[in-house]
Amino acid sequence: MTSRADAWQLPRAKDVQHSLESCHAEQAGEDAATLRCLVDQLGLWTDELGYNARRITKIFAAYNQMEELILVIDYCNSKERREKEPAQWAYNAYKCATSGRFGEWVNDYYVKQLQAVKSKPESRFDED
């Protein structure tokens, strides 16, 4: 049996879109809870450890700043750690990590993901 950690793959555009929509609905649009739900569903967060810096660096590998990005994510995970309030921890650590250059990368990533969802015709694999 493969664990969730062993089976992790880079999120596809349609997975990001689906997770965002379901989390937004489940969490009634509350920002911190929606963010935590999204990054958990994408395999980028656990309530025990916070953000998984190594997985996040795989998404942004093209920027060739992996070590710097790991340091920023780990710093923000530690600085904002709130084990009894994981949604607030996820939100504050995200705000911390994305306050600089990484924030621009995240915005670019989401724009590309949304464009991919909008421009890709439905494939036969999407049919029921």
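The values are calculated or read from the model by the stated rules, or taken from the named source; none is laboratory data. Remember, predicted model here, so these are calculated numbers, not experimental data. No Cβ is skipped: glycine too gets one built from the backbone with ideal geometry, and neighbour counts run over all protein chains shown.
Inspect all residues belonging to the range 87-99 and state whether any of them is more than 21 Å from residue 26 (Cβ to Cβ), charged (D, E, K, R) and not in a helix (DSSP H, G or I).
no
Can you spot a residue in the range 52-65 that is out of contact with any Lys or Arg (no Cβ under 9 Å at 6 or more places or on another chain), at pLDDT below 85 and under 20 Å from residue 41 (Cα atoms)?
For the range 52-65, residues out of contact with any Lys or Arg (no Cβ under 9 Å at 6 or more places or on another chain), at pLDDT below 85 and under 20 Å from residue 41 (Cα atoms): absent.
If only one of 72, 117, 39 is modelled with pLDDT under 85 and either surrounded by fewer than 17 Cβ atoms within 10 Å (Cβ to Cβ) or within 17 Å of the chain's Cα centre (by Cα) (or both), which one is it?
Exactly one residue qualifies, and that residue is 117.
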